[in-house]
Amino acid sequence: MKETVCLVSLGCPKNLIDSEVILGLFSQKGYSLTTDPSKAEILIINTCSFIQDASQEAIDTILQLGRYKKEGHCQRLIVSGCLPQRYGKILEKEFPEVDLFVGTGAFQKLPQILTQRSNKKSYLNPSTFLYNEKTPRILSTPSFTAYLKIAEGCSKFCTFCTVPKIRGPYRSRRLPSVLKEAKRLADQGVQELIFVAQDTTAYGEDLQDGTNLEKLLKALVEVHGLRWIRILYAFPKAHYFSDGLLETLALEEKICPYLDLPIQHIDDGILRRMGRKSKGQEIRNLIQRIRAFIPDISLRSSLIVGFPGEEEAQFNSLFEFIEETRFDHLGVFKYSKEEGTPAFRLPNQVPEEVKEERLGVLMERQKEISLNKHKRIVGKRTEVLVEGKNQKGTLKGRLKTQAPEIDGSVFLKGEAKPGDWVIARITQAHPYDLMGKIEKHLL
């Protein structure tokens, strides 16, 4: 009988899909799976290492779960994903308790690697793997929601970012492959499909055969069983947003009126030093154009404060940008000085306490903006996807304008099961969450 495998997944939804693929591969080979690390003979930690905080979380998890080699049933401790791909064989000396380090270019071979009789501890192939519709995958999300990776890697080379080094160049999946996987997921009961890639709007650009996001969306809205299609990580470059794409987003009922645009900054000087290849006015014009096509769209973005050389005037321009744009959802992050990136060597690094202060100022203002936006929908009836109950036993769900994990929830009064679709009347507004009462169940 083959061993029992437990996998702990860290990081973003893109990494979660890799974890689901690893689980699928082991299950296909006849291994048993468990979510309890104390019961696993093979314990896998699939890591993120995009910034130092993510690397530290990975290190802490290795140290925490390493104890199961003494206290539990663990015979082999494996660290996979971004951490080994980024730091290489140096990890062998730092973590002698780890049996294997498998990077982003070799995780798809994990079951085969385990059958080899070798003293080799690190498998750090270049990252070229791109899963397809035939790749086994076991969902770890609720049965009604799934992420769908439409591309891997990145070729943008922003000066602060480690992703191209860790994940390799941008490479899109073929449209028929994505479509077949979407159909399979819908047949399994998935009703909400969430597109992820390092850059979803660049989808198809590398294939040079006319494939693009618009064509993919038009194909996917025809998939029976899907109710919501959501787009994350849309790079805010004007040429990606054709009139055809925006019309598709506006007219297709299944496509959520929601876009995640990681803008990072609005000052031209900072954008240039970041290597973003965009100017502030271009970003403003794009947002205006998106809202002209889709007036009720919910916009999410992420911003970086404290990038090297960010003076008070440049931070103020960012604050003013938030004031004028009024994002529905916003994440603000302190610049993380990452070794191996061009920005690591830039002069005029911003002190940590200044970064912290600027982050607080932006998030406090965004809190007020979010609350005001939420107040506008109090009293309105809206469709809600019920997710289940929180730890306090309160029923909760999400609107079309809320992505899982990163946005807020709607806390509901009434009876419903996870995966139910209901019409709820919004009764209270809070900065990040809403309260509502179920009035009708939908089929």
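The values are calculated or read from the model by the stated rules, or taken from the named source; none is laboratory data. What you see is a predicted model; the values in this text were computed from it and never measured. Note: ideal-geometry Cβ built from the backbone for every residue, glycine included; neighbour counts use all protein chains shown.
Only one residue in Val386, Val350 is surrounded by 17 or more Cβ atoms within 10 Å (Cβ to Cβ), without any contact (Cβ under 8 Å) to a residue 60 or more places away in the chain, over 30 Å from Trp228 (Cβ atoms) and among the aliphatic types (A, V, I, L, M), so which one is that? Testing whether each residue is surrounded by 17 or more Cβ atoms within 10 Å (Cβ to Cβ), without any contact (Cβ under 8 Å) to a residue 60 or more places away in the chain, over 30 Å from Trp228 (Cβ atoms) and among the aliphatic types (A, V, I, L, M) leaves just Val350. Does Lys400 satisfy the condition of being in contact (Cβ under 8 Å) with a residue 24 or more places away in the chain, surrounded by 17 or more Cβ atoms within 10 Å (Cβ to Cβ), of a type outside the set (Asp, Glu) and assigned by TED's automatic domain parsing to the domain that holds Thr325? It is false that Lys400 is in contact (Cβ under 8 Å) with a residue 24 or more places away in the chain, surrounded by 17 or more Cβ atoms within 10 Å (Cβ to Cβ), of a type outside the set (Asp, Glu) and assigned by TED's automatic domain parsing to the domain that holds Thr325. Where helices (runs of 4 or more DSSP H) sit wholly within the range 72-182, those with at least 1 residues that are touching a residue at least 12 places away in the same chain (Cβ under 8 Å), crowded, with 19+ Cβ neighbours inside 10 Å and not assigned by TED's automatic domain parsing to the domain that holds Leu43 occupy 163-167. When the range 194-214 is filtered for residues that are surrounded by fewer than 19 Cβ atoms within 10 Å (Cβ to Cβ) and within 16 Å of Arg167 (Cα to Cα), only Asp206 remains. Would you call Gln349 over 23 Å from Leu216 (Cβ atoms) and in a loop (DSSP other than H, G, I, E, B)? Here the answer is yes, as Gln349 does meet what is asked.
A single member of Ser370, Ser409 is touching a strand residue (DSSP E or B) at 6+ places or on another chain (Cβ under 9 Å) and in the same structural domain as Ile231 (by TED's automatic domain parsing), and it is Ser370.
Name the residue that is modelled with the lowest pLDDT, counting only residues in the range 327-342 that are in contact with a Lys or Arg (Cβ under 7 Å, 6 or more places away or on another chain) and not in a strand (DSSP E or B). Of everything passing the filter in the range 327-342, Gly340 is modelled with the lowest pLDDT. Restricting Gly72, Gly66 to residues that are over 21 Å from Lys14 (Cβ atoms), modelled with pLDDT under 95 and in contact with a Ser or Thr (Cβ under 6 Å, 6 or more places away or on another chain) narrows the list to Gly72.
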